[in-house]
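**Q** Below are the structure tokens for one structure; questions will follow.
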Amino acid sequence: MSTLITLEGLDGSGKSTICESLQNILPEVTFTREPTDSWYGDLVTESMYNDDADSLAELFLFTADHAAHLSRVIRPSLASGTTVISDRYADSRFAYQAAALDNSRIDAPLEYIQSIHEPFSRRPDATIYLDIDPETAVTRAGATNKFERVQYLERVATQYEQLIAAEPTRFYRVDATQSIVDVKEDVNTILRTILDDETSTQFDEW
Ligand code: TYD
């Protein structure tokens, strides 16, 4: 059976560096990311750098990209028996867009966003959360887009904590304020555990 592993965390948590180095040691794994590098992903990126973008419309752009990602990359890879590691996935929407839609006409943004994923998405078997405080995240990321500002990232971090509290066995927390060498070592240890337990993985649909 193949496994879907996702990496999550605030901007500047080092996810992309970790994914790059994992690609070198795990050549048999499909590495992918959200937003994707398809034309759906290009639309998302255009919205991301637009300060006037409508937050609800943006949620649907990110979700459309996720739908295409599932049908074109994730499900075919898993069906062929390949393990998939995705740099960001649905939890990014649950955290970032729930924070963006706070105080909007949507009453309970997190529940709403989860409900629109529920009919078609696939729950990750394991999620590695690179844990970093918003101040350090902003210093490292350099705030290149509107999602990377400190007050916003504080709200995003609160949403991630809610997700972790709801599913403590899916999430593996790594202290991302450590040196990159130590972060890599922690991630490798976690991956070894997950991939060894592959056969007992549950494949519940969301
Ligand atoms: P990117 O430059 O790819 O950053 P990173 O390398 O940190 O992933 O930009 C992704 C940005 O989009 C990041 O700020 C998080 C945000 N994002 C959302 O708001 N919702 C989502 O569903 C996803 C996948 C990303």
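**Q** Six or more apart or on different chains, Cβ atoms under 8 Å: show the pairs whose first residue is in region 39-51 and surrounded by fewer than 16 Cβ atoms within 10 Å (Cβ to Cβ) and whose second is in a loop (DSSP other than H, G, I, E, B) and modelled with pLDDT under 95.
**A** Final answer for the pair search is Tyr49/Asn145.
**Q** Within region 106-128, identify whether any single residue is touching a Gly at 6+ places or on another chain (Cβ under 9 Å) and either of a type in the set (Val, Ile, Thr) or on the phi < 0 side of the Ramachandran plot (or both), and answer yes or no.
**A** Yes, that holds for at least one residue.
**Q** Looking at region 83-105 only, could you name the residues that are surrounded by 16 or more Cβ atoms within 10 Å (Cβ to Cβ) and basic (Lys, Arg)?
**A** Arg88, Arg93
**Q** Can I ask one more? Tell me which of these Leu130 doesn't satisfy, since it passes every other one: (1) part of a loop (DSSP other than H, G, I, E, B); (2) modelled with pLDDT of 95 or more; (3) under 23 Å from Ser16 (Cβ atoms).
**A** For Leu130, the exception is condition (1).
Per-residue answers, yes or no, for (1) under 26 Å from Leu101 (Cα atoms); (2) surrounded by fewer than 15 Cβ atoms within 10 Å (Cβ to Cβ):
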position	(1), (2)
Asp133	yes, no
Gly142	yes, yes
Glu148	yes, no
Ala166	yes, yes
Thr169	no, yes
Thr177	no, no
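**Q** Quick one: which residue in Ala79, Ala108 is closer than 28 Å to Glu20 by Cβ, more than 9 Å from the ligand (Cβ to nearest atom), exposed (fewer than 14 other Cβ atoms within 10 Å of the Cβ) and at pLDDT 95 or above?
**A** The match here is Ala79.
The values are calculated or read from the model by the stated rules, or taken from the named source; none is laboratory data. Everything quoted here is computed from the prediction, not taken from an experiment. For neighbour counting, all protein chains shown are included, and Cβ atoms are generated from backbone atoms with ideal geometry for every residue, glycine included.
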